[in-house]
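To start, the structure itself, in structure tokens.
The values are calculated or read from the model by the stated rules, or taken from the named source; none is laboratory data. Bear in mind the structure is a predicted one, so any value in this text is a computation, not a measurement. Cβ placement follows ideal geometry from the backbone for every residue including glycine, while neighbour counts extend to all protein chains displayed. Note: areas computed on protein heavy atoms with side chains; ligands, DNA, RNA excluded. Shrake-Rupley method; radii C 1.70, N 1.55, O 1.52, S 1.80 Å.
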Amino acid sequence: MYGPKAVSEQALTEQILDRLPPHSVLMGDINFGVFSVVFAATRRGHDVLLRLQPNRAGAVGRGLSLQSGLDQQVCWCPSAYERKQHPDLPADACVRAV
């Protein structure tokens, strides 16, 4: 948890994705509702269902009204902060979601 070999829970999650059965469905809480985790999982062919922080959900939806029963396709792109934390993300990194 601390020290030079410290690794975040999200980074540990990314490390175990290759060990999951093909086409797994990942379900997680707010702590895992970050672009890097979702991008890594979907690139490996997994589906993801996460609860997002309200401010993150608003940013992903780019101003869409967040209301029950609303199904709207969005393209989630990494924030500037996410790109800084994960410089290896491709320039066109995006996760399409409903």
Can you tally the net charge around Gln72? Count Lys and Arg as +1, Asp and Glu as -1, for every other residue whose Cβ sits under 15 Å from the Cβ of Gln72.
+1
Fully extended, how many nm does the chain gain between Glu82 and Ala6 (0.36 nm per residue separation, minus their Cα-Cα distance)?
25.5 nm
Given charges of +1 on the Cβ of Lys and Arg and -1 on the Cβ of Asp and Glu, with all other atoms neutral, how large is the dipole of the chain about its Cα centre, in debye to the nearest 20?
140
Any idea which of Val25, Leu52, Tyr81 is furthest toward the positive side of the dipole for the chain, if Lys and Arg beta-carbons carry +1 and Asp and Glu beta-carbons -1?
Tyr81
Run through the stretch 19-98 and list the trypsin sites (Lys or Arg not before Pro) located in a DSSP loop whose Cβ has at most 11 other Cβ atoms within 10 Å.
Arg62
How large is the translational diffusion coefficient of the chain in µm² per second when you combine the Kirkwood radius over alpha carbon pairs with Stokes-Einstein at 37 °C and 0.692 mPa s?
227
Net charge of Cβ neighbours under 9 Å - reference Ile30; Lys, Arg +1; Asp, Glu -1
+1
If each residue of separation counts as 0.36 nm, what is the full-extension length gain between Arg51 and Val25 once their alpha-carbon separation is subtracted?
8.0 nm
What do you reckon, how do Leu12, Leu50 stack up by accessible area (1.4 Å probe), largest on top?
Leu12, Leu50
Residues whose built amide H sits under 5 Å from the amide H of Val48, excluding neighbours closer than 5 in sequence, are Leu26
